[in-house]
1. At 37 °C and a viscosity of 0.692 mPa s, what translational diffusion coefficient does Stokes-Einstein give for the range 352-448, taking Rh as the Kirkwood radius over Cα pairs? Give it in µm²/s as a whole number.
2. For the range 316-322, take each phi angle, set θ = phi - 60°, evaluate the Karplus expression 6.51 cos²θ - 1.76 cosθ + 1.60, and give the result in whole Hz per residue in order, putting x for glycine and proline.
3. In whole angstrom, note down how far apart the Cα centers of the range 289-339 and the range 345-387 are.
4. What is the log10 of I(q)/I(0) for the range 256-305, computed with the Debye formula using one identical point scatterer on each Cα and no solvent, at q = 0.31, 0.32 Å⁻¹?
5. Could you check the spin-label model distance between residue 128 and residue 219? Points 7 Å from the Cα along Cα→Cβ, value in nm.
6. Sort 223-233, 427-437, 104-114 for me by packing, meaning the mean count of neighbouring Cβ atoms within 10 Å per residue, highest on top.
7. All other residues with a Cβ under 10 Å from the Cβ of residue 291 taken together, and with Lys, Arg as +1 and Asp, Glu as -1, what is their net charge?
8. For the range 323-338, just list the computed ³J(HN,Hα) in residue order, Karplus coefficients 6.51, -1.76 and 1.60, θ = phi - 60°, integers in Hz, with x standing in for Gly and Pro.
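The numbers here are math on the coordinates, done by the rules we state, and not lab data. Because the structure is predicted, anything quoted here is derived from the model rather than measured. Cβ coordinates were reconstructed from backbone atoms using ideal geometry, including for glycine residues, and neighbour counts include every protein chain displayed.
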Amino acid sequence: MASRRRLVRLDHGVGRAFDAAGDAQRAQQVAHEGGLAGAKFALQFNKGLAQAGQGGQPGGEGGGVVLAAPVQPGRGRAFYNADVTVHDAPFDVQVLWSRVGAWARELGFSQVGVADVDLSAAEPGLMQWLAAGFHGSMDYMAAHGLKRARPAELVPGTVSVITARMDYLPRATLPDWQDAELARLTRPHEGIVSVYARGRDYHKVVRGRLQKLQDRIAAEIGPFGHRVFSDSAPVLEAELAARSGQGWRGKHTLVLSREGGSMFFLGEIYLDLALPPTAPVGDHCGRCQACIDICPTGAIVAPYRLDARRCISYLTIEHHGSIDEELRPLIGNRIYGCDDCQTVCPWNKYAGRSTLPDFDAREGMSGSTLVELFGWSEDEFLRRTEGSPIRRIGHERWLRNIAIALGNALAALPADDRGRDGLRRALQTRAEHPSDIVREHVRWALGR
Ligand code: B12
Ligand code: SF4
Ligand code: SF4
């Protein structure tokens, strides 16, 4: 039987006090009752406790405190102590954590970590990114403001975050996959769907498996407050991952690690249970800037700064409507997402293969010609993209993207290339499409 350790956990009264989103009036009231001036709060696990708990003994002995910070926009934070209940935990945190790692691997994750919830250091960067307009038409990035960087505002009572990464290279990926992916760019007739989107929708896979992980933890230690995410809510996923040791932020802004490159998804479990944070790792980009140099549209405007409005992933997936004519030629034959900044990254020779069949490429998603893909009717598109992330863009944006790639193929092939007729014929089949967007992109493509 494991020895008894103590875990800090919010009692309900304190947890509810921070439920500003769900119960603004009560939050105000409790704030007032507590003698705190601000109506909005963020919670932070007392780092002193975490440090005292290094080696798997968070909480140490005796009473626990959490720090309650009134949020004062544009200013620093003042912290106040608030009492919380310290629950006796009839388990050893170190033993629990090693089990969590083993369960996570069984479920297809390659690594788990723990982050604290004070992301205030990331707030100025987030605000500057938004102020620069780098989010383009992704209104959801601006809609939640700083809640994205404040886990305890999104889910009141959150004091720790379990972070997880799941490799997504298909199981049968060959060692020279980076060269193979780059070679696709030299075949203008081929339509390139980025690697992450060739199989099942990761949002479902990652969240479903994180929920199973949570179920296993709860079966071991009893129920606790939690929520699971994977690109499904205003969460600063890369920041949480980096600070909990999943990897460092590359110059392309993604998280990458020496053991696993960057071809992985991220997911989180927000917890009302304080666990000791895992340590971050150092930056190993050094003088390399291959990702910046290869980016076809110059979207990485400076190391660690991405202007999404120029990123092909944004243009082909997130952006509705017409795509800027200046950017269309730079999109080449990428019809859904883009992997270039990752395929050139030297650390991706260590990228892990998924252990799950979910991310194996579905038929049609790898190596198909633009003409084949452009020929899919809406019904066929819906049938083939059932359960895939591609379905989200709908048939109209699918045709828009392929029309651009067909135009780029026409521009790339010599005037006497016999393949040109087939490309033009395919475009003409959509010249009278009911969508203005499709017709406009087809016209542009036929003019190349
Ligand atoms: C919006 C979004 C996008 C946008 C913008 C990407 C971006 N880098 O911001 C677009 C559509 C372009 C995109 C593309 C892709 N995405 Co995306 N995306 C997201 C999402 C939803 C939010 C990211 C975010 O918060 N961006 C906002 C800015 C503020 O974040 P930031 O780069 O961290 O900025 C920090 C610093 O760089 C600095 N900063 C930034 N700009 C500026 C400017 C100034 C002036 C200053 C001072 C500081 C500063 O401060 C910030 C805070 O620390 C996350 C999921 C999530 N909820 O987190 C997935 C996510 C980041 N995407 C993911 C993936 C896989 C991709 C693609 C590879 C998909 C593809 N193959 O097409 C590409 C890669 C493109 C790239 N190089 O980033 C994965 C990444 C996994 C990993 N290994 O890191 C995530 C985590 C989804 C997931 N759950 O797995 N994505
Ligand atoms: S995904 Fe493509 S377009 Fe976007 S930053 Fe990377 S290389 Fe550039
Ligand atoms: S390509 Fe080079 S600079 Fe870019 S993330 Fe990889 S190591 Fe860092």
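1. Estimated diffusion coefficient is 227 µm²/s.
2. Ordered by residue, 3J(HN,Hα) equals 8, 10, 8, 7, 8, x, 6 Hz.
3. 20 Å
4. Results for the range 256-305 at q = 0.31, 0.32 Å⁻¹ read -1.26, -1.26.
5. 4.7 nm
6. Descending packing order for the listed peptides: 104-114, 223-233, 427-437.
7. -1
8. Listing the rounded values in order: 9, 3, 4, 5, 8, 3, x, 7, 6, x, 10, 8, 9, 7, x, 7 Hz.
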